[in-house]
1. Residues in the stretch 99-116 that are in a loop (DSSP other than H, G, I, E, B) and either in contact (Cβ under 8 Å) with a residue 60 or more places away in the chain or under 24 Å from E32 (Cα atoms) (or both): how many?
2. Determine if the stretch 154-164 includes at least one residue that is surrounded by fewer than 16 Cβ atoms within 10 Å (Cβ to Cβ), at pLDDT 95 or above and in a loop (DSSP other than H, G, I, E, B).
3. Could you tell me whether any residue of the stretch 48-63 is more than 23 Å from H138 (Cβ to Cβ) and either more than 14 Å from the chain's Cα centre (by Cα) or among the polar types (S, T, N, Q) (or both)?
4. Among the residues that make up the stretch 30-43, is at least one of them on the phi < 0 side of the Ramachandran plot, modelled with pLDDT of 95 or more, of a type in the set (G, A, S) and touching a Gly at 6+ places or on another chain (Cβ under 7 Å)?
5. Checking V130 against (1) more than 19 Å from V38 (Cβ to Cβ); (2) touching a residue at least 24 places away in the same chain (Cβ under 8 Å); (3) out of contact with any Pro (no Cβ under 8 Å at 6 or more places or on another chain), only one condition comes out false. Which one?
6. Across the stretch 135-186, which residue is nearest to the chain's Cα centre (by Cα) among those that are closer than 17 Å to P78 by Cβ and among the polar types (S, T, N, Q)?
7. Report, by residue number, each residue of the stretch 118-150 that is open to solvent by less than 60 Å² (accessible area, probe 1.4 Å), at pLDDT below 95 and in a loop (DSSP other than H, G, I, E, B).
Amino acid sequence: MHPRFERFIQGMSELTARAGVTEPDILRDGGELLRELVARDDWLAREYAQAHPQYYQQYLLYCCPEQRFSVVSFVWGPGQKTPIHDHTVWGLIGMLRGGEQSRPFTRDAASGRLTEGATQVLQPGVVEAVSPAVGDIHEVSNIYQDRVSISIHVYGADIGQVRRHVYDPQTGAAREFVSGYARPAV
């Protein structure tokens, strides 16, 4: 494990285990830890940075033994994007390489209809937070049509095992899914 990543894991472990820690504390302090991690692009192992020609890859980098948090590299091939989805737990997204566009949505509880919010562009070093408390539904895409982008995500659970939802962009209808993880090439 690269020393920079090891320091990050130690910091997140201490933060999430702290007595009385709240989600706002984690989003703030964890966001600072993630900002430090993605400030330099010299630590991610090559096998966790491989794009797939058809769809984005989600590689598990670390999962806390108590499942208080997991760390994942998202690798986006040119022009790739997610469906509109939620997380159901807190999350932090740090841009490591390239760039992403994040389109947030709110969902009307009565009708299920989605309303699009202001799009945010993430460049290297930028960190964004998601959670049911601060906004949890979005669509993410690689802003580049000619190169790979990579972001590092930290979630308040083993995100590859969490039951989440994708949403129909026209109706807002929700469908449950579990993302799992891609297998790194060795």
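The values are calculated or read from the model by the stated rules, or taken from the named source; none is laboratory data. Everything quoted here is computed from the prediction, not taken from an experiment. Glycine also receives a Cβ, built like all others from the backbone with ideal geometry; neighbour counts cover every protein chain displayed. Heavy atoms of the whole protein, side chains included, go into the accessibility calculation; ligands, DNA and RNA do not. Shrake-Rupley method; radii C 1.70, N 1.55, O 1.52, S 1.80 Å.
1. First, pick out the residues of the stretch 99-116 that are in a loop (DSSP other than H, G, I, E, B): 99, 108-113.
Pick out the ones that are also either in contact (Cβ under 8 Å) with a residue 60 or more places away in the chain or under 24 Å from E32 (Cα atoms) (or both) and you get 99, 108, 111-112.
Here the count works out to 4.
2. yes
3. Among the residues of the stretch 48-63, at least one is more than 23 Å from H138 (Cβ to Cβ) and either more than 14 Å from the chain's Cα centre (by Cα) or among the polar types (S, T, N, Q) (or both), which makes the answer yes.
4. The answer is yes, given that some residue of the stretch 30-43 is on the phi < 0 side of the Ramachandran plot, modelled with pLDDT of 95 or more, of a type in the set (G, A, S) and touching a Gly at 6+ places or on another chain (Cβ under 7 Å).
5. With respect to (1) more than 19 Å from V38 (Cβ to Cβ); (2) touching a residue at least 24 places away in the same chain (Cβ under 8 Å); (3) out of contact with any Pro (no Cβ under 8 Å at 6 or more places or on another chain), V130 is out only on (1).
6. By that ranking, first place goes to S151.
7. Result: D136, single match.
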